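Working notes for the structure below.
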Ligand SMILES: [Zn+2]
């Protein structure tokens, strides 16, 4: 393990990784750069990257360490997940992108062969075939992907590295509705929603990228932000086009930056759950957005609802529009 970590770190120096993630540092001395900290919000640069020691330190938030530590902190991953993520990013990627695209295509073909998948979509109120195709929604039945991909000439090692199969060689996504996540034209990850009793949400190792379908809404002056892809799909199906999704209530740095990149009003439409976690997250995010000059409004759904269940249980576009208009700063 120790040796692997060192090999990985040699393949990707910290400064290189930071630059690839749009960090801008100015040189100080022979082997140091200073810039704004990607781990906390600040206006004066206090984040130092040392190229000789291959480590960073921030005098603002007090965080420091090597690249693996940086990935852990910036992406909220465990040590192991960070290694997997780095491995994915540093291995020649043309193969990876192609395999993920073939996987997404394979899952899309499966969708219509499994009544349980279609009936699950139906219970989540998703029935518009045009939208299902547009979002490239598929189904992972489990037990079939590995055979299909190895028949197309992909090695076990590649599938394993992408997290498509587990250590025992079985398909990692099993009985899950699959939404591919794109960066530009490329599939960069897959989200799998369990239709059975398994843990509800699953992603492959590696980043989720920015906000879902951000390209479509980046020029909108009003954007509805939801936390789940089924919420996204429900709103799109109801005729709302200015929707995006953060895939959870915690926004990563890229996603937050996207929301802040122009003048706009963001309608935060998180779940109204019993433990209040969705609403607390919305309140916090609203405050951060306002601090960055973005107008934020919290949409209050009826108790116990998320945007998906709101529509599934009979809510319509007109009623949702009324909620948008009643949204509070
Ligand atoms: Zn910091």
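The condition (being part of a strand (DSSP E or B), out of contact with any helix residue (DSSP H, G or I) (no Cβ under 6 Å at 6 or more places or on another chain) and not assigned by TED's automatic domain parsing to the domain that holds residue 301) is satisfied by just one residue among 192, 196: 192. Comparison of 111, 162, 88, 149 shows that the only residue that is at pLDDT below 95, farther than 26 Å from residue 13 by Cβ and crowded, with 18+ Cβ neighbours inside 10 Å is 149.
Residue by residue, here is whether (1) out of contact with any helix residue (DSSP H, G or I) (no Cβ under 7 Å at 6 or more places or on another chain); (2) under 21 Å from residue 196 (Cβ atoms) holds:
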position: 96; (1), (2): no, no
position: 101; (1), (2): yes, no
position: 129; (1), (2): yes, no
position: 146; (1), (2): no, yes
position: 161; (1), (2): no, no
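Is it the case that some residue within region 71-79 is within 13 Å of residue 9 (Cβ to Cβ), modelled with pLDDT of 90 or more and within 16 Å of the ligand (Cβ to nearest atom)? Yes, that holds for at least one residue. Across region 34-62, the qualifying residues are those that are away from the ligand (no atom under 11 Å from the Cβ) and within 27 Å of the chain's Cα centre (by Cα), and the one among them that is surrounded by the most Cβ atoms within 10 Å (Cβ to Cβ) is 49. Residue-level check: of (1) in contact (Cβ under 8 Å) with a residue 24 or more places away in the chain; (2) surrounded by fewer than 15 Cβ atoms within 10 Å (Cβ to Cβ); (3) over 15 Å from residue 143 (Cβ atoms), residue 187 misses just (2).
Among the residues of region 17-33, count how many are assigned to a loop (DSSP other than H, G, I, E, B) and crowded, with 17+ Cβ neighbours inside 10 Å. Qualifying residue count for the region: 2.
Provide a single number: the residues in region 283-329 that are assigned to a strand (DSSP E or B) and modelled with pLDDT under 95. The qualifying residues number 1. Residues that are assigned to a helix (DSSP H, G or I), in contact with a helix residue (DSSP H, G or I) (Cβ under 9 Å, 6 or more places away or on another chain) and in contact (Cβ under 8 Å) with a residue 60 or more places away in the chain within region 113-127 comprise 117, 123, listed in sequence order.
Going through (1) in a helix (DSSP H, G or I); (2) assigned by TED's automatic domain parsing to the domain that holds residue 35 one by one, residue 110 falls short only on (2).
Quick one: residue 67 ticks every box in (1) free of Cβ contacts under 8 Å to residues at least 24 places away in the same chain; (2) within 26 Å of the chain's Cα centre (by Cα) bar one, so which box is it? That leaves (1) as the condition not met.
Scanning region 54-63 for residues that are out of contact with any helix residue (DSSP H, G or I) (no Cβ under 9 Å at 6 or more places or on another chain) and closer than 18 Å to residue 15 by Cα gives 57, 58, 59.
From 225, 181, 247, 268, grab the single residue that is assigned to a strand (DSSP E or B), in the same structural domain as residue 315 (by TED's automatic domain parsing), within 16 Å of the chain's Cα centre (by Cα) and crowded, with 23+ Cβ neighbours inside 10 Å.
Going through 225, 181, 247, 268 in turn, just one is assigned to a strand (DSSP E or B), in the same structural domain as residue 315 (by TED's automatic domain parsing), within 16 Å of the chain's Cα centre (by Cα) and crowded, with 23+ Cβ neighbours inside 10 Å: 225.
The values are calculated or read from the model by the stated rules, or taken from the named source; none is laboratory data. On a predicted model such as this, the values are computed, not experimentally measured, just so you know. For neighbour counting, all protein chains shown are included, and Cβ atoms are generated from backbone atoms with ideal geometry for every residue, glycine included.
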